[in-house]
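Step one of this worksheet: look at the structure below.
Read-outs: derived from the displayed coordinates by stated rules, not from any lab. All figures in this text were calculated on a predicted structure; none of them were measured in a lab. All Cβ positions, even for glycine, are placed from backbone atoms using ideal geometry, and neighbour counts span all protein chains on display.
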């Protein structure tokens with residue numbers, strides 16, 4: 001971990017009562033700060049609670065929310081809920097995989113894009129939906145995937161990623 | 001401040017709004033925001049400020065009319081109209097409303113959805129919409145009408161008075177008896193009698209006891225609990241305090257999803273406001289009863305909606321269900337007696353205490369009294385939330401409340417009860433919605449998600465989709481769950497990919513039976529439902545996939561091909577050629593007509609999407625060999 005990351009983890013641990021039940025809350029807080037859970041952070045958390053790193057890792061890997069590699073600059077989430085699926089969500093996901101050359105859960109080598117699928121974000125009226133860094137792109141189609149990526153690329157070149165974080 | 005002061009101040013605040021010469025309500029729940037409600041709010045706010053108008057602008061929750069969002073309700077008594085509800089209010093509509101109605105006197109009825117009046121149970125209704133003839137809103141009574149972030153609105157509409165009556169005038173056994181008399185069954189899906197659950201928890205000797213509100217709404221396509229918590233959090237909080245009193249708990253948890261940030265934000269605000277008024281915490285209403293609530297954020301695991309898994313998750317562990325008995329009411333959170341109730345169950349507890357058990361019992365059917373809240377999504381015109389008395393038929397819900405399937409499509413099936421529910425077809429449409437009829441039809445009531453499917457949805461692929469979801473979300477503890485669901489999924493993948501063989505259907509049926517018998521928890525035991533119900537209502541589709549390698553709905557990618565009809569292809573247009581991601585479309589040099597190179601085509605459907613509607617030259621065929629037939633016809 002970098003110096004900043006170590007400090008962020010310490011800050012989270014200091015603000016939390018040392019009760020085993022807060023484990024998930026702590027992991028959430030660390031991920032909120034760092035964007036992912038580095039292995040060293042998991043070790044720190046284990047020391048904090050006096051439990052084994054395996055137990056912490058076991059809990060962290062059980063829940064879908066936690067990730068162990070940093071996200072891309074643009075984190076693309078394709079909704080695969082029932083409504084999105086029935087409106088062609090799989091074709092949209094395929095299009096992203098094809099265009100970016102990565103699979104779900106992966107990050108492009110330049111760390112610009114990461115791709116993820118999610119169960120349902122509750123925007124079923126706008127299906128199929130894609131969320132990029134919190135911004136919702138409604139009624140997606142495979143064709144619109146290229147448009148979205150072109151837009152993100154342009155924003156990246158302008159250095160404009162104000163939606164992030 | 002004592003209760004009388006709190007209440008009269010809240011009432012004064014509310015009636016000031018009601019009687020104001022102008023009052024604007026804008027719905028800003030998550031679904032409204034996705035449709036652009038925050039932008040609408042900003043437009044109104046800025047414009048009113050620029051005009052120097054001091055008009056109260058209230059952010060309200062969701063009325064359930066998601067198809068019409070962003071939704072704006074304007075009350076202007078001097079216009080002679082009751083409050084008017086406007087649909088899809090974006091930039092142009094907002095400017096028009098301000099210019100013509102707020103500054104002028106034209107009510108802009110052409111963009112109105114209808115007028116709003118307070119109907120039965122004091123719930124806002126829009127009489128112009130057919131759905132309100134069927135709906136009865138108990139859980140949704142305040143949704144879309146009050147500011148969920150202002151406890152005074154809730155109190156002015158009668159909130160927390162029932163709690164006061166309970167704490168000062170009834171003993172816990174009496175509360176349980178009244179809930180029993182009302183016949184309330186848990187709205188989480190299984191339909192267990194709430195009073196029985198409460199009574200058996202109360203009987204336990206061990207202390208402390210806990211109450212958990214299950215707001216872990218993980219079913220894709222379901223958003224009832226989100227809407228209730230975003231639009232009227234206090235009705236759930238009040239229900240929780242009543243429940244806590246009845247079972248003898250001093251601490252409650254609301255377990256919700258991290259995917260619902262607005263729910264968490266609004267709940268925290270609501271809890272703070274309730275604490276500030278002394279409605280939560282020590283010695284509530286001077287009754288000697290103390291109760292507090294903590295919000296727990298889930299971490300994205302569907303299985304945690306199962307009550308034993310949920311208790312482990314609150315303890316900070318992996319959320320894996322355990323064998324029951326002992327039930328949670330005997331040994332739940334930290335081994336202590338625990339009641340787990342759904343969001344809507346708790347909101348109904350508040351209503352029952354307000355209206356009395358006998359009046360509640362008269363709504364709905366004998367075995368399932370009260371109302372049911374459904375989230376309607378998929379191929380239906382009026383996507384959104386509704387609340388109907390139990391016993392209403394599925395047909396009424398889909399066609400009268402939901403407005404039916406969009407033009408040009410045909411109703412095929414409705415998927416009810418979440419991923420582990422079932423898909424029922426046309427012949428089940430006259431089923432009354434209640435716990436027992438659904439079970440008889442092979443589905444489960446579930447928590448209330450309802451996805452309408454039309455003839456462009458393949459039922460085998462739909463079953464595959466749900467099993468895929470369930471196998472990802474399976475916790476891995478019992479072997480029938482871990483391997484059985486996976487095997488079901490693999491067989492379905494084979495069938496949808498054209499690798500199905502004779503005997504697969506029987507294999508599926510046998511395996512489903514094994515899962516029903518062998519799985520440890522209800523997630524596993526209900527996992528066969530999507531397969532069993534699609535087999536029951538749409539068996540011929542399975543047979544077409546297996547025997548003819550054909551997908552009748554033209555969905556399964558390995559069983560279809562795209563084809564450009566030469567007679568419809570317009571020569572000069574190059575839309576498909578330019579957009580095809582794999583350059584699979586070629587132009588005939590002589591005729592300029594387009595043709596798809598089948599071995600390069602990835603079947604993404606872009607050509608079908610971009611082909612101008614006046615040509616509609618791209619079609620899908622199944623089985624793929626049909627292309628050769630069509631091509632030879634040309635030759």
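Observations on the structure shown:
- When you restrict to C-alpha pairs under 8 Å that are six or more residues apart and normalise by the size of segment B:477-635, the relative contact order lands at 21 percent.
- Volume of the Cα convex hull of the protein assembly as shown, divided per residue and given in Å³: 178
- Theoretical ellipticity at 222 nm over the protein assembly as shown - DSSP helices of four or more residues, -39500 (n - 2.57) apiece, nearest 500: -12000 deg cm²/dmol
- Against the main long axis of the alpha-carbon atoms of chain B, helix B:504-518 sits at an angle near 20°.
- Distance from the Cα centroid of segment A:1-77 to that of segment B:543-569 is 48 Å (rounded to whole angstrom).
- Angle in degrees between helix B:37-50 and the longest Cα principal axis of chain B, rounded to the nearest 10: 60
- For segment A:3-62, the direction-averaged projected area of the alpha-carbon convex hull comes to 3.6 nm².
- Overall, the ratio between the Cα radius of gyration of segment A:1-126 and 2.2 N^0.38 Å, rounded to two decimals, is 1.23.
- Residues B:152, B:165, arranged from fewest to most other Cβ atoms within 10 angstrom of their Cβ, appear as B:165, B:152.
- Equivalent ellipsoid of segment B:3-115: semi-axes from √(5λ) of the C-alpha gyration tensor, largest first, are 23, 18, 14 Å.
- Paired Rg and Dmax values of segment B:459-548, which use every Cα atom, in angstrom: 12.1, 38
- Taking a ≥ b ≥ c as the square roots of the eigenvalues of the alpha-carbon gyration tensor, segment B:412-498 is classed oblate because a/c is 1.5 or more while a/b is no larger than b/c.
- Ordered by the number of other Cβ atoms lying within 10 Å of each residue's own Cβ, fewest first, B:492, B:520 fall into the sequence B:520, B:492.
- Alpha-carbon centroid distance for the pair segment B:19-87 / segment B:404-461, whole angstrom: 34
- Relative contact order [Cα under 8 Å, 6+ residues apart], segment A:74-158, whole percent: 37
- Residue exposure proxy: B:355, B:63, B:390, ordered by other Cβ atoms within 10 angstrom of their Cβ from fewest to most, comes out as B:355, B:390, B:63.
- Pairs of Cα atoms nearer than 8 Å and 6+ residues apart set the relative contact order; for chain A it is 18 percent.
- Three-way shape call for chain B based on the alpha-carbon gyration tensor, with the a/c threshold at 1.5: oblate
- Enclosing the Cα atoms of segment B:371-454 in their convex hull gives a volume equal to 71 cubic angstrom per residue.
- Helix A:3-14 axis, angle to chain A major axis (alpha carbon atoms, nearest 10°): 70
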